[in-house]
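Everything on this sheet refers to the single structure shown next.
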Amino acid sequence: MNAQVRPSSDPLTADELWQMRVDLAAAFRLAAAMDWHEAVGNHFSLAVSADGTKFLLNPKARHFSTIRASELLLLDSMDADTMKRPDAPDPSAWCIHGRIHASVPAARCVLHVHPPYGTALAALADPSIKPVDQNSARFYNRIATDLGYDGLADFHEEGERLVRVLGTKRHMMMGNHGVLVTGDSVAETFDDLYFLERAARTLVLAYSTGQPLNVMPDALAEKTARGWESYKDDAYAHFSALKASLDRTDPSYAT
Ligand SMILES: [Zn+2]
């Protein structure tokens, strides 16, 4: 089954909404397989209305490896009573994703995890993604860096603060915390998260040698980042191949 490109209709047809549920459920299963998740925390969301305010989110305290398309919560970021629902989401999921979907309509898909290498980099005094290879240069000047960690993000103001730090960037290195990646579709955003963790892995390994980094000059890093933009369709081929692997091993994500 092909990955869903961002639908253009609003409201979505029932089939489009179901395909978005299936793609997001696949992303949870794949993230668990790649060890990007943390226990039953972390959260992925996907806007399903044109204004971005209505979005899908994982249920509270559910392990990524068990999530099914039909179980994803459908929330409204403008609904102040959301946390009073019997199936209320995790408070930090609501504060981070609810605020981003309320304030940044362009962020259709929002993936937040504490992956091993991204989080190790986030623990450094300088958690920035320096352009030292093709993968890290993909993010040159395209990722915000938050150095204002203020404890568990389970209060409204912390969500608002993270929205301000994200600004016009699509992704964020969250100092003392983890990573946050946004994009137009689950496939594109998952692909960016994949390459961000790969870039972080390379940087952590390079730092671990104790040798000085060979950071690209600004012009070369920008040229490399722009080069990546012509490979955007690869994100869909990547995600479709990963979904096909799930279909072979455990297709229950799509139920
Ligand atoms: Zn977190």
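Would you mind computing, in nm to one decimal, how far apart the modelled labels at residue 157 and residue 248 are, each placed 7 Å from Cα along Cα→Cβ?
5.2 nm
For 90, 233, 76, which order do you get if you count the other beta carbons within 10 Å of each Cβ and list the fewest first?
Listed from fewest to most nearby Cβ atoms, that is 233, 76, 90.
Run down the lysines and flag those whose C-alpha is under 21 Å from the C-alpha of residue 60, throwing out any fewer than 8 positions away in its chain.
Cα-Cα hits under 21 Å: 84.
Divide, for region 30-171, the radius of gyration over alpha carbons by 2.2 N^0.38 Å, where N is the residue count.
Normalised Cα radius of gyration, region 30-171: 1.06.
Over the Cα atoms of region 105-200, what Rg and Dmax result, in angstrom?
Radius of gyration, then largest Cα-Cα span, for region 105-200: 12.4, 37 Å.
Pull out the extension gain between residue 62 and residue 234, defined as 0.36 nm times the separation in residues minus the alpha carbon to alpha carbon distance; nm, one decimal.
Length gained, residue 62 through residue 234: 58.9 nm.
Would you give the gap between the C-alpha center of region 198-224 and the C-alpha center of region 230-251, rounded to a whole Å?
Cα centroid to Cα centroid, the span is 28 Å.
With +1 on each Lys and Arg Cβ and -1 on each Asp and Glu Cβ, how big is the dipole of region 14-254 about its Cα centre, in debye rounded to the nearest 20?
280 debye
Relative to the compact globular guide of 2.2 N^0.38 Å, what is the alpha carbon radius of gyration of region 7-46, as a ratio?
Normalised by 2.2 N^0.38 Å, the Cα Rg of region 7-46 equals 1.41.
Taking Cα atoms, how many degrees apart are the long axis of helix 156-166 and the longest axis of the chain, rounded to 10 and kept between 0 and 90?
Once rounded, the angle reads 50 degrees.
State the Kirkwood hydrodynamic radius of region 14-254 in Å, one decimal place, computed from all pairs of distinct Cα atoms.
Roughly 18.1 Å, rounded to one decimal.
Place a point 7 Å from Cα of residue 124 in the direction of its Cβ. Which residues in region 192-234 have their backbone N less than 18 Å from it?
Only 195-218, 221 pass the distance filter.
Please grab the % of Cα pairs in region 138-255 that end up more than 23 Å from each other.
45 percent
Mean-square fluctuation check for the chain, GNM, Cα pairs under 10 Å: which of 73, 193, 56 is largest?
So, out of 73, 193, 56, the one fluctuating most is 73.
How high is the FRET efficiency from residue 222 to residue 164, r the C-beta distance, R0 25 Å, rounded to 0.05?
Calculated transfer efficiency: 0.50.
Just so you know, all these numbers are worked out from the coordinates, no wet-lab data involved. Predicted model, so just to flag it, every value in this text is computed and none were measured. Because the Cβ atoms are built from the backbone with ideal geometry, glycine has one as well, and the counts that use them run over all protein chains shown.
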